[in-house]
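This report refers to the structure that appears directly beneath it.
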Amino acid sequence: LTGVLDDCLCDIESIDDFNTFKIFPKIQKLQERDYFRYYKVNLKRPCPFWADDGHCSIKDCHVEPCPESKIPVGIKAGSSNKYSKAANNSKELEDCEQANKLGAVNSTLSNQSKEAFIDWARYDDSQDHFCELDDERSPDAQYVDLLLNPERYTGYKGPSAWRVWNSIYEENCFKPRSVYRPLNPLAPSRGGSVCLFSWTGLCLEKRVFYKLISGLHASINLHLCANYLLEETWGKPRWGPNVKEFTRRFDPVETKGEGPRRLKNLYFLYLIELRALSKVAPYFERSVVDLYTGNGHEDAESKALLLDIFRDTKSFHMHFDEKSMFAGDKKGAKSLKEEFRLHFKNISRIMDCVGCDKCRLWGKLQTQGLGTALKILFSEKEIQSLPENSPSKGFQLTRQEIVALVNAFGR
């Protein structure tokens with residue numbers, strides 16, 4: 001791939017150089033640190049769209065949850081919105097105060113009203129989310145060590161996997177009028193016809209949405225091609241790059257010209273998440289944010305490395321400019337932004353339909369990472385007006401969102 005990306009003032013060679021020499025070595029180090037390697041996820045949520053038909057029984061699909069004893073004490077004990085040691089130590093006091101307050105209010109409330117209040121709070125909290133979030137308090141939510149459960153090709157494929165991606169593209173994506181995609185593996189072979197690619201009638205926002213989903217798809221497919229189960233002899237699997245599989249998914253001839261476009265969309269996704277990292281820097285530059293695990297030395301090093309990455313992201317001069325999005329008349333822009341958010345939220349729910357646990361884990365994590373990036377890009381004013389020494393009411397990231405953002409960008 002060479003040349004300039006559509007909808008950006010950026011060329012592929014510049015991104016390659018910047019990523020290879022500046023970002024990639026640092027982000028790789030960051031992902032290995034305790035704060036970013038443990039991700040809490042519920043892999044047992046039922047598929048909300050169809051009966052679960054294709055649960056993968058291949059052993060490489062299995063995800064090994066982390067035993068409680070291995071989780072750093074600060075991560076295990078800390079509330080999802082609290083990062084600093086002081087915030088975690090004051091938790092008991094706050095819980096006590098909150099219990100008193102709730103006790104005073106509860107005596108005058110019916111159970112139905114209490115449930116309504118909880119629902120309202122949850123609704124208010126979800127208004128700026130682009131993702132359906134797992135309930136971390138669910139007994140089915142478990143910590144997973146991402147380093148011990150790497151994203152790679154497990155053998156999960158066929159109708160079940162095809163249906164997930166088809167649902168994402170057909171039902172949830174603003175897409176070009178015609179675009180070549182593999183046919184349904186369930187249908188009788190008809191031979192794929194060449195489709196002409198046309199952006200007719202799609203505004204910038206809808207083009208961006210489609211490119212993000214296509215870029216996410218390309219990213220996941222690339223990881224599977226790069227870390228493929230090549231052979232399993234005497235129970236010893238050998239993983240490595242599968243060039244034939246890469247060619248099948250991305251070669252211009254094999255994909256009727258679509259492959260290089262998919263790869264360009266991956267670069268576009270990179271730029272969007274890079275932009276989000278540079279925009280969210282002020283949130284983390286505050287002293288109140290500690291990346292707390294309970295190990296003071298490690299926490300300080302993790303934060304220093306994260307801030308170093310932020311400095312690099314700001315030094316890159318060819319960012320995607322999100323200000324050109326949703327810039328029409330206020331009413332139309334607001335409704336388009338809401339449509340954008342709800343489409344993406346639906347896509348995050350479809351990840352609960354993935355039949356392979358390992359694929360579901362990485363699908364959920366990368367979708368949440370991209371959803372967090374979008375939340376950041378649409379919260380610029382709130383981030384700029386954050387108080388220095390106290391938690392923010394206007395803009396907040398949970399630990400889950402932070403871990404997902406960094407790991408998704410790392411992928």
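Between LYS334 and SER69, what's the calculated FRET efficiency when r is the beta-carbon distance and R0 is 60 Å? Round to 0.05.
In this case the efficiency is close to 0.80.
Amide H of VAL288: which non-local residues (sequence gap of 5 or more, or other chain) have their own amide H closer than 5 Å, using H built in the peptide plane?
When sequence neighbours closer than 5 places are left aside, there are no close amide H contacts.
Output wanted: per-residue J couplings in Hz (rounded whole) for the stretch 285-301, from phi through Karplus 6.51 cos²θ - 1.76 cosθ + 1.60, θ = phi - 60°, x for Gly and Pro.
6, 6, 5, 6, 9, 10, 6, 6, 10, x, 10, x, 5, 5, 4, 5, 5
With a Förster radius of 25 Å, plug the Cβ-Cβ distance of ALA51 and ARG248 into 1/(1 + (r/R0)^6) and report the FRET value to the nearest 0.05.
The formula returns an efficiency of 0.25 here.
Rounded if a/c is under 1.5, else prolate if a/b is larger than b/c, else oblate: which is the stretch 224-270, with a ≥ b ≥ c the root eigenvalues of its Cα gyration tensor?
oblate
What is the distance, in nm, between label points placed 7 Å from the Cα along the Cα-to-Cβ direction at TYR169 and at SER385?
4.3
Please calculate the 1.4 Å probe accessible area of SER324, with all protein chains present, and give it to the nearest 10 Å².
Spelled out: SER324, probe radius 1.4 Å, area about 60 Å².
Using Cα positions and a limit of under 28 Å, work out the lysines in reach of LYS337, with same-chain residues fewer than 8 apart set aside.
Here the lysines satisfying the reach criterion relative to LYS337 are LYS175, LYS206, LYS211, LYS264, LYS279, LYS314, LYS323, LYS345, LYS364, LYS375, LYS381, LYS393.
Please calculate the 1.4 Å probe accessible area of TYR143, with all protein chains present, and give it to the nearest 10 Å².
20
For ALA281 paired with LEU147, estimate the spin-label separation in nm (one decimal), with each label point 7 Å from Cα along the Cα-to-Cβ line.
2.8
Could you name the lysines whose alpha carbon sits less than 18 Å from that of LYS358, not counting residues in the same chain fewer than 8 places away?
Qualifying lysines at Cα under 18 Å: LYS40, LYS44, LYS59, LYS157.
Separation between the VAL4 and TRP239 pseudo-spin-labels, each 7 Å from Cα along Cα→Cβ, expressed in nm?
With each label point 7 Å from Cα toward Cβ, the separation is 4.0 nm.
Please give the length that would be gained between ASP140 and ALA77 if that part of the chain were fully extended, namely 0.36 nm times their separation in residues minus their C-alpha to C-alpha distance (nm, one decimal).
Result for the pair: 20.9 nm of gain on full extension.
The values are calculated or read from the model by the stated rules, or taken from the named source; none is laboratory data. Everything quoted here is computed from the prediction, not taken from an experiment. Glycine also receives a Cβ, built like all others from the backbone with ideal geometry; neighbour counts cover every protein chain displayed. Just so you know, the surface numbers come from the protein's heavy atoms only, side chains and all, with ligands and any DNA or RNA stripped out. Shrake-Rupley method; radii C 1.70, N 1.55, O 1.52, S 1.80 Å.
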